[in-house]
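**Q** My questions will all concern the structure given below.
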């Protein structure tokens with residue numbers, strides 16, 4: 001059995017002043033993560049104030065775009081198209097909620113190496129998703 | 001300050017409806033309030049504190065106090081999703097201990113079944129929710145959020161689908177005796193495994209029901225509780241703990257119960273081995289396993305083995321749980337299971353559970369809730385109660 005990935009209509013993210021650089025970069029095919037110059041730690045989702053040390057010295061960094069699947073689940077019922085929700089741990093160390101795409105969804109495994117791709121949303125900026133590296 | 005012994009659960013009522021097409025949400029709140037007052041032997045005039053959460057229509061206590069015609073001097077609308085009502089009992093005990101009120105009413109009601117809700121629908125994201133833009137596009141719903149926790153738990157600890165299924169099997173053994181339960185048929189592990197996969201690795205029978213209904217409890221000052229004719233259920237310990245993604249340092253297999261449970265046990269001065277009955281929030285089978293581990297009923301990672309072979313079934317297992325059938329079989333009013341967790345624990349402590357599931361000599365019980373989503377951010381609440 002296989003569950004080939006299919007495109008589906010993605011709700012557009014609600015862009016605001018705080019998260020705009022992330023989605024502007026996504027439109028350029030770049031994945032940004034927030035880095036805190038005060039504590040030296042990355043975080044995600046991105047905030048103006050570091051959730052680890054509460055410093056406002058946070059800055060955007062371009063991520064390598066590679067990571068490892070932390071966990072996943074294919075939603076198979078109640079939706080028109082099955083899709084794979086997942087957390088991917090970026091090589092920078094932070095985990096982000098995402099989808100695994102462009103592959104057989106039945107072959108997805110925890111620990112699998114993945115690389116970022118960008119998928120269009122319905123009337124908004126594209127969002128980062130991941131496919132097997 | 002401790003709440004140990006400062007307040008009693010004097011009244012409890014669970015609405016019998018599971019589909020309330022002909023009632024409003026506010027009306028259900030009023031009906032459960034009335035039921036809990038009747039159960040306690042108190043009247044509306046006795047209530048001077050009111051507690052409600054996000055299921056209450058309008059501006060929470062503002063709307064509901066007016067609708068119910070209450071005259072209160074203390075309100076609290078702490079919203080932690082389905083665990084809110086366990087938090088409310090603890091906060092009511094705190095308010096009573098601080099002299100802010102004498103008799104607190106806590107209500108929950110909802111009609112998601114009549115309104116067509118399901119665990120595979122996207123949630124309603126508010127425009128200013130900070131996590132929304134980073135989650136909504138990916139199609140996270142209730143079912144796949146918890147499923148990711150189950151998947152990770154299996155990966156880290158070797159937990160199996162068959163072990164998850166035992167949670168449902170135990171719930172179904174209890175539900176057969178509850179005339180109000182939505183699903184009264186006893187199921188087997190194989191039947192759970194044969195039900196369709198909703199979100200890997202969770203099957204349909206790993207998921208709780210969607211039901212209308214509600215419930216209410218009355219929390220009272222000790223002097224008042226002692227003046228009533230009902231068996232006395234004393235609040236002896238509580239804890240609450242929100243837990244999220246920690247800025248991307250993910251640790252999905254540990255719930256807030258690790259902290260809320262520790263706080264509650266410390267305040268109550270009891271250990272897991274002292275607990276005779278547990279109400280454990282069972283939105284999904286995995287929710288129960290994670291919480292039992294975090295509360296210390298077994299070692300972290302051993303939850304699957306712990307629940308297997310009927311260990312949660314009253315009369316046969318070591319730790320009887322959710323003897324009303326829980327969310328998996330009985331009901332999940334308003335998609336919020338915390339209230340019914342308190343109510344069944346109160347029944348057990350009073351000796352008023354169904355005779356087929358009543359735990360003998362049930363003197364200390366624990367109720368545990370998880371509000372929100374285990375897969376993103378949630379709030380755990382633990383409540384320990386004692387029969388006096």
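**Q** Could you tell me which residue of the range A:21-32 is nearest to the other protein chains (Cβ to nearest Cβ), considering only residues that are surrounded by 14 or more Cβ atoms within 10 Å (Cβ to Cβ) and part of a loop (DSSP other than H, G, I, E, B)?
**A** A:31
**Q** Of the residues B:302, B:309, only one is at positive phi and surrounded by fewer than 20 Cβ atoms within 10 Å (Cβ to Cβ); which? Full working, then the answer.
**A** Numbers: B:302 fails: at positive phi.
Going through B:302, B:309 in turn, the sole match is B:309.
**Q** Name the single residue, out of those in the range B:115-140 being closer than 18 Å to residue B:206 by Cα and surrounded by fewer than 22 Cβ atoms within 10 Å (Cβ to Cβ), that is nearest to the other protein chains (Cβ to nearest Cβ).
**A** B:120
**Q** Continuing with the same structure: Any residue in the range A:43-53 that is at pLDDT 95 or above, more than 8 Å from every other protein chain (Cβ to nearest Cβ) and assigned to a helix (DSSP H, G or I)?
**A** Checking the range A:43-53: not a single residue is at pLDDT 95 or above, more than 8 Å from every other protein chain (Cβ to nearest Cβ) and assigned to a helix (DSSP H, G or I).
**Q** Restricting the search to the range A:94-119, which residues are more than 10 Å from chain B (Cβ to nearest Cβ) and in a loop (DSSP other than H, G, I, E, B)?
**A** Passing the criteria: A:101, A:102, A:103, A:112.
**Q** To continue, here is another question. Is it the case that the range B:194-204 has a residue that's surrounded by 24 or more Cβ atoms within 10 Å (Cβ to Cβ), in contact (Cβ under 8 Å) with a residue 24 or more places away in the chain and under 30 Å from residue B:100 (Cα atoms)?
**A** No - not one qualifying residue is present in the range B:194-204.
**Q** So which pairs qualify, if the first residue must be in the range A:64-84 and farther than 23 Å from residue A:30 by Cα and within 10 Å of chain B (Cβ to nearest Cβ), the second must be outside any strand (DSSP E or B) and at pLDDT below 95, the Cβ gap must be under 7 Å, and the two must be at least 6 apart or on different chains?
**A** Note: pairs meeting the criteria are A:75/B:120; A:77/B:120; A:78/B:118; A:78/B:120; A:79/B:120.
**Q** In the range B:169-192, which residues are in a helix (DSSP H, G or I) and touching a strand residue (DSSP E or B) at 6+ places or on another chain (Cβ under 9 Å)?
**A** Step one: filter the range B:169-192 for residues in a helix (DSSP H, G or I), giving B:169-175, B:189-192.
Correct list: B:170, B:171, B:174, B:192.
**Q** Determine which single condition residue A:35 fails, assuming it passes every other condition in (1) farther than 24 Å from residue A:124 by Cβ; (2) part of a strand (DSSP E or B); (3) away from chain B (no Cβ under 12 Å).
**A** All conditions are met except number (3).
**Q** Looking at the range B:20-113, what helices (runs of 4 or more DSSP H) fall wholly within it and have at least 2 residues that are out of contact with any helix residue (DSSP H, G or I) (no Cβ under 6 Å at 6 or more places or on another chain) and surrounded by 23 or more Cβ atoms within 10 Å (Cβ to Cβ)?
**A** On the way: elements: B:25-40, B:61-68, B:84-97.
Ranges flagged: B:25-40, B:84-97.
**Q** Still on this structure, I have one more. Consider residue A:124 carefully, then state whether it is assigned to a loop (DSSP other than H, G, I, E, B) and either more than 12 Å from chain B (Cβ to nearest Cβ) or surrounded by fewer than 18 Cβ atoms within 10 Å (Cβ to Cβ) (or both). Even if it seems obvious, please write down each step before you answer.
**A** Details: assigned to a loop (DSSP other than H, G, I, E, B): yes; either more than 12 Å from chain B (Cβ to nearest Cβ) or surrounded by fewer than 18 Cβ atoms within 10 Å (Cβ to Cβ) (or both): no.
No: the conditions fail for residue A:124.
**Q** Just give me the residues in the range B:121-154 being in contact with a strand residue (DSSP E or B) (Cβ under 7 Å, 6 or more places away or on another chain) and within 19 Å of residue B:305 (Cβ to Cβ), in sequence order.
**A** Selection gives B:150, B:151, B:152.
The values are calculated or read from the model by the stated rules, or taken from the named source; none is laboratory data. What you are looking at is a predicted structure, and each value in this text was computed from that prediction instead of being measured. Counting neighbours? That spans all protein chains shown, and the Cβs are built from the backbone with ideal geometry, glycine included.
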